[in-house]
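Beneath this line is the structure, given in structure tokens, with notes to follow.
The values are calculated or read from the model by the stated rules, or taken from the named source; none is laboratory data. Predicted model only: the values in this text are computed from it and were never measured. Heads up, the Cβs are rebuilt from the backbone with ideal geometry, glycines too, and the neighbour counts pull from every protein chain shown. Accessible surface is based on the protein model in full, side chains and every heavy atom, while ligands, DNA and RNA are left aside. Shrake-Rupley method; radii C 1.70, N 1.55, O 1.52, S 1.80 Å.
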Amino acid sequence: MNKISTKLALYFFAAVLILELFLMFYLHRNIIHSRVDEEFSRLLANGENHRDVLIENYSESTIKHIVLMENNNDREVMIINNEGVVISSSDENNPTLEKYVPLVMKSKSKTDRILVSDYKDSPYIVSLHPYQNGEHSGYVLMYQSTNSINRMVNELTMHFGLAGATSVVIILIIYGLLSKVLTRPLIIMKEATEKLSKGDFKVTLPYASKDELGELAVAIQKLAKDLERLKKERNEFLASISHELSTPLTYLIGYAKVAMRKDLNEKERDRYLSIIAEEADGMKDLVKDLLDLARIDENSFTVNKEYFWSQPFLDNIYKLVEPSFLNKELKLKTESKKNFQIYADPLRLQQIVINLLDNAMKYSDYGKEVRLEAYSLNGRAVISVSDEGIGIPSDEIEFIFDRLYRVEKSRSRTYGGSGIGLSVVKELVEAHGGTIEVESKLGKGSTFKIMI
Ligand SMILES: Nc1ncnc2c1ncn2[C@@H]1O[C@H](COP(=O)(O)OP(=O)(O)OP(=O)(O)O)[C@@H](O)[C@H]1O
Ligand SMILES: [Mg+2]
């Protein structure tokens, strides 16, 4: 369960540890080097001092003084002549000091220098200072015990070890805090999505920070809201659909039963049968529209655009709808100022226009006029359908493209619509990448304009 935090901790731990080891190694080496260098310089400076005094005034008392000065500390001095014979030493009982004389003889150095620098294994570091005063010449040797240097190095190593151990503990504490801060919200969000997948959309996530985690929490919250809304819409939609289908079915069953009666004459039976046919036709249209909507939702719906001429397209529509308009004694005028090319799916565009004309016809009274116009504007085809019908109240215009929305339910019962047509029109227009506009005045008429 805590996989992310474990991974994170491992990476974090490894990165910090490598960095820390590198830094510590570097610091440790440098500090020790500079401290040891200091010791070397101090030794050289002291030796140089003694040698200068000796050159200035070579006498027994000077030698005594020099030896006396280095008597009571962890430094020693030894003065030898050119043959390597010891003239004086600050610690005469210490045979170790003389062990270095052969080295001096071998080096025969003319300048001051460090003779032994190995502070780890040798008991002393040694500096060498040649002197010459008349017939007296030889070397001043300075010794510094390495005990103190090694003690200092050990102490330093111990401090570094302590600092390293402390930082490991601190890293572990930071890891603990980090894993809480990072993984807790993730676990909460995981639980929330599990709830969502079980159909429980009431998720409330605690306020998260303004980072990616916070954004994720907001996205999940939004998803929950959307899913809840969709579920509600789907239920309402299903309820309306079953209502829409059951009403004509009731008529169908009623009229079918009446038509089956034996005592009916031929004319009456024909009337009932034609009512049945009409209702069944309406239901077929409704089911077709619903199928279209479902396919648009599923994205399995394709628009096959092609170029075609506007005039024959309008003529064909006119032929299709003219009988119904004549039936209702409505005038239908089509107008296309110029014959131009339209780039669209001709069958879908026809479905759009027929839907709009069907509304214009349905919501206009006898004797009124309906105009179908087409023209080209800025390379796009504009098709408008205007009527002098009952119009749409301005506060309802924004809803007429919603599925199953009808202006006043009672009104639509009179006019026989189910509120699907315009939602199909809108989806089809948008599938073409086009737009649809409405202008309407209650009691005066409406104009639907599509641009494709
Ligand atoms: N030209 C119009 N004049 C007046 N009202 C209209 C017009 N076109 C649409 N409406 C209003 O908008 C509502 C939605 O229209 P839509 O075409 O979606 O549904 P419908 O015509 O009622 O049913 P359907 O088209 O599914 O048979 C209609 O119920 C009607 O009230
Ligand atoms: Mg309609």
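Some values worked out for this structure:
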| read-out | value |
| --- | --- |
| Between helix 60-69 and the chain: long-axis angle, C-alpha atoms, 0 to 90°, nearest 10 | 40 degrees |
| Over 18 Å between alpha carbons, listed pairs Lys284/Lys305; Lys368/Lys441; Lys337/Lys426; Lys190/Lys222 | Lys284/Lys305; Lys337/Lys426 |
| Highest average packing first - 140-153, 165-178, Cβ atoms within 10 Å | 140-153, 165-178 |
| Loop GluC sites (Glu not before Pro), the stretch 54-94, which have at most 12 other Cβ atoms in a 10 Å radius of their Cβ (DSSP) | Glu83, Glu92 |
| Accessible surface of the stretch 3-151, 1.4 Å probe, proportion on carbon and sulfur as whole % | 56 percent |
| Computed label-point distance, nm, for sites Glu233 and Val287 using a 7 Å Cα→Cβ extension | 2.6 nm |
| Cα-Cα over 23 Å, subset of Lys231/Lys362; Lys333/Lys449; Lys331/Lys449; Lys198/Lys225 | Lys231/Lys362 |
| For the chain, the fraction of alpha-carbon pairs in successive 10 Å shells from zero, as % | 4, 13, 13, 10, 8, 7, 6, 6, 5, 5, 6, 7, 6, 3, 1, 0, 0 |
| Extension gain (nm, one decimal) between Asp52 and Met158, 0.36 nm per residue minus Cα-Cα | 34.1 nm |
| Projected label distance in nm at Ile18 and Glu266, using a 7 Å step from Cα toward the beta-carbon | 10.0 nm |
| Inter-label distance for Leu273 and Lys195, nm, one decimal - labels placed 7 Å from Cα along Cα-to-Cβ | 6.2 nm |
| Accessible-area composition of the stretch 212-295, carbon plus sulfur, in percent [1.4 Å probe] | 61 percent |
| Nearest-ten-degree value, helix 3-56 long axis tilted from longest Cα axis of the chain | 20 degrees |
| Extended-chain gain in nm, criterion 0.36 nm per residue less alpha-carbon gap, Lys64 and Phe399 | 109.0 nm |
| Percent RCO, i.e. relative contact order, over the chain, from Cα pairs under 8 Å lying at least 6 residues apart | 9 percent |
| Average accessible surface area per residue within the chain, 1.4 Å rolling probe, Å² | 61 Å² |
| Surface share of carbon and sulfur [accessible, 1.4 angstrom probe, percent] for the stretch 302-451 | 49 percent |
| Length released on extending from Leu172 to Phe25, taking residue separation times 0.36 nm less the Cα-Cα span | 50.8 nm |
| GluC sites (Glu not before Pro) restricted to the stretch 282-354 and DSSP loop, no more than 13 other C-beta within 10 Å | Glu329 |
| Residue-count net charge about Glu329 - beta-carbon cut-off 12 Å; Lys, Arg +1, Asp, Glu -1 | +1 |
| Top positive-direction residue, dipole computed over the stretch 192-268 with Cβ charges, set Gly199, Leu264, Leu216 | Leu264 |
| Degrees, to the nearest 10: 346-362 long Cα axis against longest axis of the chain | 50 degrees |
